[in-house]
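Below: one structure, written as structure tokens.
The values are calculated or read from the model by the stated rules, or taken from the named source; none is laboratory data. If you're wondering where the values come from, they're calculated on a predicted model, not measured in any experiment. Ideal geometry is used to build each Cβ from the backbone, glycine not excepted, and the neighbour counts take in all protein chains shown. We work out accessible area using only protein heavy atoms, side chains counted, and drop any ligands, DNA or RNA first. Shrake-Rupley method; radii C 1.70, N 1.55, O 1.52, S 1.80 Å.
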Amino acid sequence: MSKPTCLVFQTYNRLAELIDSGVLTHPRVKRRAEDLLDLLKDVCTGSSGPNHLQAILKSVATILIEEPEAFSGEIKRIVGEPLESHQEVFVSHIETHNCPTGDCDFLTPAPCQMACPAGIDVASYVGLIGEGRYAEAVEIIRRDNPFPWVCGLVCTHPCEFVCVRGRIDSPIAIMNLKAFAAERAVSERTYKNPPKAEDLGFKVAVVGAGPAGLTAAYYLALKGYRVTVIEALAQAGGMMMVGIPRYRLPREVIDREVAFIEELGVTFRFNTRLGRDTTIDQLRSEGFQAFFLSLGAHAAMDLGIKGEKDFPQVIDAISFLRHVSKGERHIPGKTAAVIGGGNVAIDAARSLIRLGCEDVLLLYRRTRSEMPANEEEVKQAEEEGVRLSFLTIPVEVLGADGKVTGLRCLRARLAEPDEKGRRRPVPVEGSDYVIELDAVISAIGQRIDPEGLDSVTDLHWTKWGTLIADTITSATSAEDIFSGGDLVTGPATVVEAIGAGKRAVEGIDRYLRGLPQPKMPPVPSRRMRAALSEVPAQTKMALRRPEMPFLGPERRRITFQQVELGYDEATARQEAKRCLRCDICKRCGKCVKICREQMGIDALQFGHVDFGTPGLTDFRITAERCILCGACAANCPTRAMTLEDREGERVLSLCGTVLCREKLETCHRCGAVVGPARYLEYVKKRTSAVQEAFAGSLLCEKCIRQLTAQSKSGITIP
């Protein structure tokens, strides 16, 4: 598959080629074309502002109206037509300062930001944490995610899976840094809401107070809308509140961040279920002009085995965790089995341990390597006493006198991978056996509970029971109804729901203001270019990802107290400095190639820039081999590699990592700087004949020029 080409970059290059070709012979046309080229260059390099698009449109229009068709026709074809057909791409570059294709060097986004469903500018806030600017870091996060503290504790952190530092040793602990910054900002009372826009007068109803709904409410309120959240439960938070145990996510954290949303004027109607306590038509009669449906996946999938519905000790994990979150702390049995291999199953098993179950067995039909649960959560569950049983398929719940007595299971083996690469468990004939136990918790999946939604007409549904909504605008088949989160995607993560809520706001905003809807998916915005922290190469390589301190297993087994104790300030700042700043270095490898192939030095051991077959990376090797010629810095397309003379030294750095530094030598005749000894030695070998003419003296370029002129012609030049 060919790599997509950036239309903005292509337009800039084509106009530059037209100007260079000499076709524009009229001086005024050429000057106007060059001015237009400068504007396009600004867009490609992140220097553009809010007025650039209008300036470009005006420039093209002026050329078309006032210049001869022989010249203007070409400019219309090269610039005017792409602007007319794909104006949103130009707007996206101007507003986000990111180019998803990476063709515009300075706008190449960092992998961590592109992997984040909420599009958070990770590199910038990590950089700010490294400088101790925690409130600013939180402000950057909240421009894309109103729950930095929540996500710092429970995010699935897809950003870390693509972290380039992981190709060297371990990914940056992005999630943990986010939690540290948010907690510190709250503690120091520097966690603030941004200013709201003026009241627009429109009323929007958000149905569902989970992460998607609360995110939509937050950004709509900031834009000046009057937002009311309709929630069936008695508190806000949705699955964050009733689906994630307190030992992972204390409810005080949710309450704190929800309070900031309330502070913006968002109102809540709790214990109000759509279809039972209110309807969309009733809300319309109250003056609401747009709706965002964001109901979570609060219903559980059935096991579909014999005996499942016959005993009260067979409970689905969603109901079990909800009851625990509401304060129900009775154990369903002394010996319990949890069926499933995902995060919900692990949450249920660990909660059973904390409630006092003497034996908790987690049954999964595949092997450990196929478990979808977070690896760290599985490890912690085992530390707390949860036993894992793999390749086990439950087939019948056994019981007597209304009580569960056991679970009949079959052993399984894995078949060959299917077309998706997943290995299906196959029961082993005659391998059935019985596990004696008192309770069964099923955690094999969640689904949407459609109760109440049938009162909403004109909605279209998939065969899987999810609502159909536009992937770009979040609009449903009903004109004033938008939707996102679990209701559209099926069960997903907190950060995916947050991303869905944020996307919907753009669609709702444009609908209410009568603006055309976007045609392309949103591109994450680069919020700033945080200053680089100077770190010696030795330190950069020696730093290791810090371990998260945990509450001891003995304590964890008897309390719902938060397990993760968090980083201290020194640890957080040091971890932030491990970041490679991929928002600046696009990892094109030009520096490596030039050093090796053009200069013949091979001083840059950057194996991490090779996406196909990553090799060894060792920033320390540069100091051993580099001659500080600056060829790498001169050819770096993003200025990630820099060479500067300061305080008597020449210093080569990559995004703040000091790769090599050496004392500068001076001219024996005039005292001017001539470069470091290594570089001079390199030049001397290449120009030995010239050097001999001046009896081995170390001379600057200016003095060599003067002495050469004097020796050859007797002329003295300035």
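Some notes on this structure:
- Glu257 open to solvent by 40 Å² or more (accessible area, probe 1.4 Å) and modelled with pLDDT of 95 or more: no
- Residues being surrounded by 15 or more Cβ atoms within 10 Å (Cβ to Cβ) and either more than 21 Å from Ala221 (Cα to Cα) or among the small types (Gly, Ala, Ser) (or both) - total across the stretch 512-530: 6
- Flag for Arg411 being of a type outside the set (A, V, I, L, M), open to solvent by 40 Å² or more (accessible area, probe 1.4 Å), in contact (Cβ under 8 Å) with a residue 24 or more places away in the chain and over 30 Å from Met548 (Cα atoms): no
- Filtered residue count, the stretch 180-221, keeping only those that are open to solvent by 30 Å² or more (accessible area, probe 1.4 Å) and either over 30 Å from Asp568 (Cα atoms) or free of Cβ contacts under 8 Å to residues at least 24 places away in the same chain (or both): 11
- Of the helices (runs of 4 or more DSSP H) that lie entirely inside the stretch 615-689, those containing 2 or more residues that are open to solvent by 10 Å² or more (accessible area, probe 1.4 Å) and either touching a strand residue (DSSP E or B) at 6+ places or on another chain (Cβ under 6 Å) or modelled with pLDDT under 90 (or both) span 631-634, 677-686.
- Among the residues of the stretch 41-93, the ones that are outside any loop (DSSP other than H, G, I, E, B), surrounded by 14 or more Cβ atoms within 10 Å (Cβ to Cβ) and polar (S, T, N, Q) come to 6 in all.
- Boolean, Phe270 is open to solvent by less than 40 Å² (accessible area, probe 1.4 Å) and not small (Gly, Ala, Ser): no
- Answer residue from the stretch 522-550, given it is assigned to a loop (DSSP other than H, G, I, E, B), of a type in the set (A, V, I, L, M, F, W, C) and in contact with a strand residue (DSSP E or B) (Cβ under 9 Å, 6 or more places away or on another chain) and is nearest to Phe106 (Cα to Cα) among those: Leu532
- Total residues in the stretch 173-186, condition among the aliphatic types (A, V, I, L, M), in a helix (DSSP H, G or I) and closer than 17 Å to Pro549 by Cβ: 3
- The residue of the stretch 562-573 that is surrounded by the fewest Cβ atoms within 10 Å (Cβ to Cβ), among those that are in contact (Cβ under 8 Å) with a residue 24 or more places away in the chain and assigned to a loop (DSSP other than H, G, I, E, B), is Gly566.
- Any hit, the stretch 574-595, residues being open to solvent by 60 Å² or more (accessible area, probe 1.4 Å) and in contact with a strand residue (DSSP E or B) (Cβ under 7 Å, 6 or more places away or on another chain): yes
- Tally of residues being more than 24 Å from the chain's Cα centre (by Cα) and among the hydroxyl-bearing types (Ser, Thr, Tyr) across the stretch 204-251: 3
- Within the stretch 119-172, restricting attention to residues that are basic (Lys, Arg) and assigned to a helix (DSSP H, G or I), the residue that is most open to solvent (accessible area, probe 1.4 Å) is Arg167.
- Criterion: touching an Asp or Glu at 6+ places or on another chain (Cβ under 7 Å), small (Gly, Ala, Ser) and surrounded by fewer than 24 Cβ atoms within 10 Å (Cβ to Cβ) - qualifying residue of Ala492, Ala497: Ala492
- Of all residues in the stretch 531-555 being of a type in the set (A, V, I, L, M) and either under 25 Å from the mean Cα position of the chain (by Cα) or open to solvent by 50 Å² or more (accessible area, probe 1.4 Å) (or both), the one that is nearest to Leu220 (Cα to Cα): Ala531
- Residue in the stretch 312-331 that is under 28 Å from Leu467 (Cα atoms), open to solvent by 70 Å² or more (accessible area, probe 1.4 Å) and either assigned to a helix (DSSP H, G or I) or touching a Ser or Thr at 6+ places or on another chain (Cβ under 8 Å) (or both) present: yes
- Among the residues listed as Ile120, Ile141, Ile129, the single one being touching a Pro at 6+ places or on another chain (Cβ under 6 Å) and at pLDDT 95 or above: Ile141
- Odd one out for Gly452, checked against (1) free of Cβ contacts under 8 Å to residues at least 60 places away in the same chain; (2) under 28 Å from Gly340 (Cβ atoms); (3) not aliphatic (A, V, I, L, M): (1)
- Residue match in the stretch 347-355 (condition: surrounded by fewer than 20 Cβ atoms within 10 Å (Cβ to Cβ) and touching a helix residue (DSSP H, G or I) at 6+ places or on another chain (Cβ under 8 Å)): yes
- In the set Cys112, Cys116, only one residue is buried (at least 24 other Cβ atoms within 10 Å of the Cβ), in contact (Cβ under 8 Å) with a residue 12 or more places away in the chain and under 24 Å from Thr657 (Cα atoms); that residue is Cys112.
- Filter result (surrounded by 14 or more Cβ atoms within 10 Å (Cβ to Cβ), in contact with a Leu (Cβ under 8 Å, 6 or more places away or on another chain) and of a type in the set (Lys, Arg)) within the stretch 422-473: Arg423
- Complete set of residues in the stretch 590-648 that are on the phi > 0 side of the Ramachandran plot and free of Cβ contacts under 8 Å to residues at least 24 places away in the same chain: Gly600, Asp602, Gly630, Glu647, Gly648
- Test: residue in the stretch 345-353 that is out of contact with any Asp or Glu (no Cβ under 9 Å at 6 or more places or on another chain) and part of a loop (DSSP other than H, G, I, E, B): no
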